[in-house]
Amino acid sequence: MQVASFSYAFRRWQDYGSYLGNYGDSGNSFAKSKTVKFTLAAQVSDTYLKEPLLLVASDEQCVERINRNLAPAVAYIGLSCTSLKPELSLSEAATKKYRVIKRLNF
């Protein structure tokens, strides 16, 4: 069963002006940098942290870059991932459709 979804945020901004959107931050643009550093996080209840967990991903693009009028000016929002079912059997998780990124508490 899916217990959480991840959210993404840029790890840092060049300065407060780029955070506000006054000008671009080349460190946060794939058009100007080969890599862009993100923080990835999910909030999981303590109840689930006592059980075995699998971090599962698919090839579907589940985030979208948006430009906003509020700070931060550029952000990524999660989209509904139709390829990630709310509940997977172990045999389904082992198929080529999914990738097990990490096993926790095994």
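Just so you know, all these numbers are worked out from the coordinates, no wet-lab data involved. Computed from a predicted model, the values in this text were never measured in an experiment. Quick reminder, even Gly has a Cβ in these numbers, built from the backbone with ideal geometry, and neighbours come from all protein chains shown.
Overview of results
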item: Selection from VAL56, GLN14, SER83, by position along the positive dipole direction of the chain (Cβ); result: GLN14
item: Fully extended contour minus Cα-Cα distance, from GLU64 to ALA9, at 0.36 nm per residue; result: 18.6 nm
item: Max mean-square fluctuation residue, GNM over the chain, Cα-Cα springs under 10 Å, options SER29, SER91, SER58; result: SER91
item: Of every Cα-Cα pair in region 25-64, the percent that sits beyond 14 Å; result: 69 percent
item: Mean ellipticity per residue at 222 nm, deg cm²/dmol - from DSSP H runs of n ≥ 4 across the chain, formula -39500 (n - 2.57); result: -2000 deg cm²/dmol
item: Cα centre as origin, Lys/Arg/Asp/Glu Cβ charges: region 43-106 dipole, Debye; result: 180 debye
